[in-house]
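Engineer: Pasting a structure below so you can have a look.
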Amino acid sequence: RLARGGMKEGAVVFAESQSRGRGRLGRRWISPARKGLWFSILLRPDLPPQSATQLTVAAATALARAIALHTGLAPEIKWPNDILIGGKKVAGILTELTAELDHVKEVVLGIGVDVNLEAAELPPELRKTATSLKIECGQAIDRAGLAVAILRELDGDYERIRQGRFE
């Protein structure tokens with residue numbers, strides 16, 4: 001709604017929880033209050049639509065770097081949009097765009113990170129495939145500090161894309 005209303009590029013909207021969080025293919029994303037980072041970033045890149053996948057790749061690499069820097073963990077990327085630790089999903093990226101035939105109008109980059117969820121808070125059917133940073137570290141993680149790290153890493157990668165230096 002903000003994007004369609006003309007909001008400037010770079011707006012970031014955080015949610016403390018989501019009642020209908022979703023991932024790719026409409027899959028449900030569990031997002032209890034004050035347990036993770038659930039946010040969307042509005043971008044207006046000067047790109048043709050076929051190049052928009054660069055944004056998902058940049059977000060995945062930035063997210064993995066930020067998690068590693070902030071926690072000391074070794075995240076892996078399950079291309080193009082999942083972040084895993086020890087083979088279990090800890091974060092996901094959902095990229096939605098509006099475009100004309102030859103130009104991207106806007107991109108909403110949605111990021112969800114399971115930060116401080118306890119194992120018991122994960123639905124039983126997800127415990128074998130999902131985790132949180134707290135579960136993996138054995139201690140609570142500063143959500144605000146992690147958010148800053150993610151946005152800082154993403155900002156640098158996005159600037160490289162804008163300068164035509166995606167490679």
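The values are calculated or read from the model by the stated rules, or taken from the named source; none is laboratory data. Bear in mind that the values here come from a model prediction, so they are computed numbers and not experimental data. Don't worry about glycine lacking a Cβ; one is built from the backbone with ideal geometry, like all the others, and counts go over all protein chains shown.
Engineer: Looking at (1) surrounded by fewer than 21 Cβ atoms within 10 Å (Cβ to Cβ); (2) without any contact (Cβ under 8 Å) to a residue 60 or more places away in the chain, which one does Ala60 not meet, given that it meets all the others?
Structural biologist: Result: Ala60 passes all but (1).
Engineer: Additional query: Need the failing condition index for Ile77 against (1) at positive phi; (2) in contact with a helix residue (DSSP H, G or I) (Cβ under 7 Å, 6 or more places away or on another chain); (3) without any contact (Cβ under 8 Å) to a residue 24 or more places away in the chain, just the number.
Structural biologist: Checking Ile77 against (1) at positive phi; (2) in contact with a helix residue (DSSP H, G or I) (Cβ under 7 Å, 6 or more places away or on another chain); (3) without any contact (Cβ under 8 Å) to a residue 24 or more places away in the chain, the one that fails is (1).
Engineer: Can you spot a residue in segment 126-141 that is part of a loop (DSSP other than H, G, I, E, B), modelled with pLDDT of 95 or more and on the phi > 0 side of the Ramachandran plot?
Structural biologist: Checked against the condition, which is being part of a loop (DSSP other than H, G, I, E, B), modelled with pLDDT of 95 or more and on the phi > 0 side of the Ramachandran plot, segment 126-141 yields at least one hit.
Engineer: Moving to a separate point now. Can you tell me which residues in segment 111-139 are within 18 Å of Ala15 (Cβ to Cβ) and surrounded by fewer than 20 Cβ atoms within 10 Å (Cβ to Cβ)?
Structural biologist: Residue satisfying the conditions is Glu121 alone.
Engineer: When the residues of segment 114-131 are narrowed to those that are touching a helix residue (DSSP H, G or I) at 6+ places or on another chain (Cβ under 7 Å) and aliphatic (A, V, I, L, M), which ends up nearest to Phe39 (Cα to Cα)?
Structural biologist: Among residues in segment 114-131 that are touching a helix residue (DSSP H, G or I) at 6+ places or on another chain (Cβ under 7 Å) and aliphatic (A, V, I, L, M), the one nearest to Phe39 (Cα to Cα) is Val115.
Engineer: I've got another one for you. Among the listed residues Val113, Val90, which satisfies the condition of being hydrophobic (A, V, I, L, M, F, W, C), touching a Pro at 6+ places or on another chain (Cβ under 8 Å) and assigned to a strand (DSSP E or B)? Quick ask: steps written out before the conclusion?
Structural biologist: Numbers: Val113 fails: touching a Pro at 6+ places or on another chain (Cβ under 8 Å).
None of the other options fit; the residue is Val90.
Engineer: Output the number of the condition that Gly145 fails; it satisfies all remaining conditions of (1) surrounded by 13 or more Cβ atoms within 10 Å (Cβ to Cβ); (2) within 27 Å of Leu55 (Cα to Cα); (3) touching a helix residue (DSSP H, G or I) at 6+ places or on another chain (Cβ under 8 Å).
Structural biologist: Going through (1) surrounded by 13 or more Cβ atoms within 10 Å (Cβ to Cβ); (2) within 27 Å of Leu55 (Cα to Cα); (3) touching a helix residue (DSSP H, G or I) at 6+ places or on another chain (Cβ under 8 Å) one by one, Gly145 breaks only (1).
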